[in-house]
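Down below is the structure, laid out as structure tokens.
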Amino acid sequence: MFLKQIEMKGFKSFADSICIELEQGINAVVGPNGSGKSNIADAIRWVLGEQSVRTLRGSKMEDVIFSGSNSRRAVNRAEVTLLFHNEDGKLPIEYSEVSVTRRLYRSGESEYLLNKKPCRRKDIIELFLDTGLSKQAFSIIGQGQVEEVLTSKPEERRMMFDEASGVLKYKERKREAEKKLAETNDNLARVHDILHELE
Ligand code: ATP
């Protein structure tokens, strides 16, 4: 599995539609300061479900939408699509190519698409869990993040090992199951109360 294409429109400094083709192996992006190199990494994080505006180097989610420049007006929508080569089936889905899209409108409305079909953020997160490219993985190391990893708390470092060893997916499912169990227990308690009142 490898990332073969990034398409963006209206994301951060990329007002116009741009398509970046990547090769298997090492790819390098070079450019002057402030030309948008880190914005490309932000775009990848964002599509993979990143919710933290701090990680995306903004103060609110709307900051990912192109906000205008001297020569261009702001736009109303940011859209990024990642295209993955999946012939080795590393992504657990029956397609040799997988596209993942995220859109955000200034109104706050947002959408995720998997192979052009609407899906939930949860579906994207699950698809990438344990592939080494999930949003919790350290596959994207931002500037200053190496130091952050070295000085991280033991629990944070533990999460890194959980992802690498493939147990994060099960922890996530356990957390969801526990939440459902707690909700069911609450409902049951309510039913008992009602029954008690009726007796
Ligand atoms: P450096 O080499 O200094 O780290 P870089 O090439 O990684 O720089 P980025 O940090 O990716 O550059 O891009 C910063 C640029 O993106 C800034 O000029 C900033 O104004 C622009 N930018 C960020 N968000 C938006 C936005 N929402 N709308 C318009 N421009 C934006």
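All of the numbers you see were taken from the coordinates with simple rules; none came from a lab. Keep in mind that this is a model prediction, so the values were computed, not measured. Heads up, the Cβs are rebuilt from the backbone with ideal geometry, glycines too, and the neighbour counts pull from every protein chain shown.
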Starting from the Cα-Cα distance between ILE141 and GLU21, subtract it from 0.36 nm times their residue separation and give me the gain in nm to one decimal. 41.1 nm
Let's test the formula: R0 of 30 Å, r as the Cβ-Cβ distance of SER71 and SER38. What FRET efficiency results, to the nearest 0.05? 0.85
Using the charge dipole of the chain (Lys, Arg: +1 at Cβ; Asp, Glu: -1 at Cβ; taken about the Cα centre), state which of LEU104, ILE124, VAL149 has its Cα farthest towards the positive end. LEU104
Dipole magnitude of the chain about its Cα centre (Cβ charges: Lys, Arg +1; Asp, Glu -1), debye to nearest 20: 640 debye
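Remind me, relative contact order of the range 1-71 in percent, using alpha carbon pairs under 8 angstrom and six or more residues apart?
Relative contact order here is 31 percent.
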Any idea which of ASN115, LEU91, ALA78 is furthest toward the positive side of the dipole for the range 2-129, if Lys and Arg beta-carbons carry +1 and Asp and Glu beta-carbons -1? ALA78
